[in-house]
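The next block holds one structure in the form of structure tokens; read it before the comments.
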Amino acid sequence: MKKILSFTLCLWLMCSLPLFAFADENTESVEETPLVELKISSTEQFLKLAENCIIDSYSKNLHISLEKNIDLSNTDFDSIPIFCGVFEGNGHTISGFSPNASGSVQGLFRYLTEGAVVQNLNLKGEITPGGSHNQIGGIVGSNAGSILNCSYNGTVSGSSYIGGIAGTNKVSGIIDNCSVAGIISGDHFVGGIAGESSGVIRNCHNIALINVSSRENSVSLSDITVDSLTSSEAANTVTDIGGIAGFSNGIIRNCENYGEIGH
């Protein structure tokens, strides 16, 4: 009887092992999602990327490698709507960026989601959108991801939340080792790197001029009221201007500003 029981137990164990191994193999295959690599070496390919990124699912697990400099002059490119993957610039430059779109949240990328990365990219452009023009940045309008080793050279102009790299830098946002040169201007929350930041800005420097052109106060005596005198957001009032960030409740570390800051 003991021999029969021992044989039965051994037989049961031998039959069970392949099942366990099969289950483990299936679990591993489900968890691993391979990155999709896409190389961009022409303006046409870059424009196609922007067209496909109108929905966030396209760029998830997507790794972009910029192989050459890109010139956006004489194109109708406005922005990459939303990006969730990795954009590797490889030190190349995108130039001629001059969007015609109106409204808020504007930049080379409109939105970078949490976990998205843009790195080793140089951008030259002139961003002066019409309409509400809030949350305007050179690289991105609204950043919840990571912007690493990037530079912007040119003009960024708008109303509120205006920055050379990002209009707004969210809590999960990281801007590291980035630089800005040119002219940055706006009315409220204007900074060389970010207009407003709740995340991390580190190892960055700004040499861009910020609101250096003073604006003539055109308020007449008939416009002056008690409310206009006591309101911090009254007409012709410009608030929250900084060399690195216009307003920050996050972390700013090891950054330098060399740009003149005006009104």
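The values are calculated or read from the model by the stated rules, or taken from the named source; none is laboratory data. All values derive from a computational prediction rather than experimental measurement. Quick reminder, even Gly has a Cβ in these numbers, built from the backbone with ideal geometry, and neighbours come from all protein chains shown. The area values use the complete protein model at the heavy-atom level, side chains included, leaving out ligands, DNA and RNA. Shrake-Rupley method; radii C 1.70, N 1.55, O 1.52, S 1.80 Å.
Summarising the label geometry, the points placed 7 Å from Cα in the beta-carbon direction at Ser102 and Thr239 lie 2.7 nm from one another.
Charge tally for Phe77 (other residues, Cβ to Cβ under 15 Å; Lys, Arg +1; Asp, Glu -1): -3.
The modelled label-to-label distance between Asn52 and Glu37, using points 7 Å beyond Cα along the C-beta direction, is 1.5 nm. Solvent-accessible surface (1.4 Å probe) assigned to Ile70 amounts to roughly 0 Å².
Computed with every protein chain present, the accessible area of Asp71 is close to 80 Å² [probe 1.4 Å]. Taking amide H positions as modeled 1.01 Å from N, with prolines and chain starts lacking one, the residues under 5 Å from Ser146 and 5 or more places away or on another chain are Gly115, Ala116, Val117, Val118, Ile174. 3J(HN,Hα) couplings calculated from phi for the range 181-186 with the Karplus curve 6.51 cos²θ - 1.76 cosθ + 1.60 (θ = phi - 60°) are, in sequence order, 9, x, 9, 10, 8, x Hz; Gly and Pro show x.
Solvent-accessible area of Leu35, all protein chains in place: 110 Å² (probe radius 1.4 Å, heavy atoms, ligands and nucleic acids excluded). Each residue of the range 75-91 is assigned a 3J(HN,Hα), and the resulting list reads 10, 9, 5, 10, 5, 8, x, 8, 9, 10, x, 10, 10, 9, x, 6, x Hz, derived from the Karplus form 6.51 cos²θ - 1.76 cosθ + 1.60 (θ = phi - 60°), x at Gly and Pro.
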